[in-house]
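Heads up: the structure comes next, in structure tokens.
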Amino acid sequence: MALRSPDQMGVLTRTASRLIPERLERPLRSPSFRRLALGKSISYLGDWLMVAVLVGWVYQSTSSVSQVALLMAIRLVPPIVGGGLAASLVDRLPRRRVLVWSETAGAATIAGALVAVVAGSRPAVFALVGLCGLVSMISTVAGNALIPMVVAQDELPAANGIHAVGQEAAMALGALAGGLTLAVGGAPAGLAANLASYGIAVFLFSRIRVAEGQGVRQVSRRGGGLIDGLRYVLRHRGLTVVVGSFAFVTLATGLVNATLPKFTTGLGLGASGYGWALAALACGMIVGETVTGTIAERVEPRWMALGLAAMGCLFFAFAWSGSVVSALLLLAAFGVANGFTEVVMMTAIHQQADAAYQGRVFGVGSTIWRTTMLGAVALAPVVDAVASPAQAITVAAAFLFVGAIFVEVTLRQSPRTVPAAA
């Protein structure tokens, strides 16, 4: 085969670069952002792999749905506490250091859970998985607050889109890899793979470089934590709208997530229906996050109303679709709207909150969002007892419509919020 000339190679390189929109390519020019996004994606992949493996391991060893439900509850509750701790720590200490420390602590809990799985101690596994969820939330908040320190302000929508796409891809790949890992190597292999993912993430995070002015002056040395962060959010109408309206998203999606297995079974998809539904949702979210990151240079809190209204309409149509194909297509479309809303939420917090308060804002938000999601999961059996799956999903759509109205009413005739200087 003849070697290509330098001119031909240059044409191929330029052609390949056009496959990535220029706006998405700009934040990737920052080595620190690449390490942050890649490390978070690898860490999330390991977590989803571990969850899939442990769900299978618990059910195989107990044949108890209640034990599986207990495991999922343990994964949901500790991050609520973790959000409060993150609100106290992330703005007081250098964020890169908090990120590395919390990820290292997460690796230690996974190592302990691996030993407990080998020993066959299910209570110890549950306790350590819960502790991992707590420190992982601190890592998540620190990573979110670190993004504006490694990219330019006008690159935030694209950076948040890339960050979110990595999480959705990690969820899909991790769930798939978890099933394969459990079949081939069992639960110990799954936890060992997650431990390796944390090790890689710690290595990448330790190589993030933050400018001295950003890494030091953006750290708040004053007292404050979750309550201080909540007061700050309530004093700023734009942040109140973003944090509050996204709570309606987690409330609605938590209710639908608990209802999906029964709904998809009724459509004729059987036991695999839940997996197909999650795959359609993840694909839609990747599209929504990518498109939003590509076209948006700046976002406005008011855009949350558009996202919530679109999600509400799509949930309503999904609830009464009546066929497998239309249901999956509508769920994918819902994912697009959900992806748009997530990027708007992240970017609006970055642009509206003072840099010294972003850790507290994300900590407050994470606590509220996890709480509403857990509340929706607890509400699901009550709704299921009195309503059909389609009616339950319609209730979720109503929550989203209420959220959209909340945005419009709160922002009506309000002056444009001027973002604080980074």
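Based on what the data block shows, is ALA356 of a type in the set (Gly, Ala, Ser), touching a residue at least 24 places away in the same chain (Cβ under 8 Å), surrounded by fewer than 21 Cβ atoms within 10 Å (Cβ to Cβ) and closer than 23 Å to GLU408 by Cα?
Numbers: of a type in the set (Gly, Ala, Ser): yes; touching a residue at least 24 places away in the same chain (Cβ under 8 Å): yes; surrounded by fewer than 21 Cβ atoms within 10 Å (Cβ to Cβ): yes; closer than 23 Å to GLU408 by Cα: no.
For ALA356, the condition - of a type in the set (Gly, Ala, Ser), touching a residue at least 24 places away in the same chain (Cβ under 8 Å), surrounded by fewer than 21 Cβ atoms within 10 Å (Cβ to Cβ) and closer than 23 Å to GLU408 by Cα - is not met.
Only one of the numbered conditions (1) of a type outside the set (Gly, Ala, Ser); (2) surrounded by fewer than 18 Cβ atoms within 10 Å (Cβ to Cβ); (3) free of Cβ contacts under 8 Å to residues at least 40 places away in the same chain is not met by THR104, and that is (3).
Please pick out the residue among ILE138, ILE147 that is open to solvent by less than 10 Å² (accessible area, probe 1.4 Å), in contact (Cβ under 8 Å) with a residue 24 or more places away in the chain and under 28 Å from LEU226 (Cα atoms). Explain how you work it out, then say what you get.
On the way: ILE138 fails: open to solvent by less than 10 Å² (accessible area, probe 1.4 Å).
Just a single option satisfies the conditions, and that option is ILE147.
All of (1) in a loop (DSSP other than H, G, I, E, B); (2) farther than 30 Å from ARG298 by Cβ hold for ALA124 with one exception: (1).
Against the criterion of being β-branched (Val, Ile, Thr), over 17 Å from GLN167 (Cβ atoms), surrounded by 17 or more Cβ atoms within 10 Å (Cβ to Cβ) and at pLDDT below 80, VAL55 qualifies. Determine if region 172-187 includes at least one residue that is open to solvent by 20 Å² or more (accessible area, probe 1.4 Å), farther than 29 Å from VAL361 by Cβ, part of a loop (DSSP other than H, G, I, E, B) and small (Gly, Ala, Ser). Yes, because at least one residue in region 172-187 is open to solvent by 20 Å² or more (accessible area, probe 1.4 Å), farther than 29 Å from VAL361 by Cβ, part of a loop (DSSP other than H, G, I, E, B) and small (Gly, Ala, Ser). For region 145-154, filtering for residues that are touching a helix residue (DSSP H, G or I) at 6+ places or on another chain (Cβ under 6 Å) and at pLDDT below 90 leaves 0. Enumerate the pairs (first residue in region 253-271 and under 21 Å from GLY339 (Cβ atoms); second residue anywhere and among the acidic types (Asp, Glu) and open to solvent by less than 50 Å² (accessible area, probe 1.4 Å)) with beta-carbon separation below 8 Å, excluding pairs fewer than 6 apart on the same chain, so at least 6 apart or on different chains. Pairs found: none. Filtered by the rule that a residue be open to solvent by less than 10 Å² (accessible area, probe 1.4 Å) and of a type outside the set (Val, Ile, Thr), region 261-284 gives GLY273, ALA277, ALA282, GLY284.
Conditions tested, residue by residue: (1) at pLDDT 90 or above; (2) open to solvent by 10 Å² or more (accessible area, probe 1.4 Å).
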position	(1), (2)
THR290	yes, yes
GLY293	no, no
ALA319	yes, no
GLY339	yes, no
GLN351	yes, no
VAL364	yes, no
THR371	yes, yes
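In the set (1) open to solvent by less than 30 Å² (accessible area, probe 1.4 Å); (2) over 27 Å from ILE138 (Cα atoms); (3) within 22 Å of the chain's Cα centre (by Cα), the condition left unmet by MET346 is number (2).
Scanning region 295-313 for residues that are aliphatic (A, V, I, L, M) and open to solvent by 40 Å² or more (accessible area, probe 1.4 Å), which turns out modelled with the lowest pLDDT?
Restricting attention to region 295-313, the residues satisfying the condition of being aliphatic (A, V, I, L, M) are 295-296, 299, 304-306, 308-311.
Now restrict to residues that are open to solvent by 40 Å² or more (accessible area, probe 1.4 Å): 295, 306.
Numbers: ILE295: 84, LEU306: 96.
Step by step, filter region 295-313, then rank; the result is ILE295.
The values are calculated or read from the model by the stated rules, or taken from the named source; none is laboratory data. Note that the structure is a prediction, hence the values are computed from the model and not measured. Methodologically, a virtual Cβ is constructed for each residue, glycine included, from the backbone with ideal geometry; neighbour enumeration extends over all protein chains shown. When the accessible area is computed, the model is the full protein with side chains, heavy atoms only, and any ligands, DNA or RNA have been set aside. Shrake-Rupley method; radii C 1.70, N 1.55, O 1.52, S 1.80 Å.
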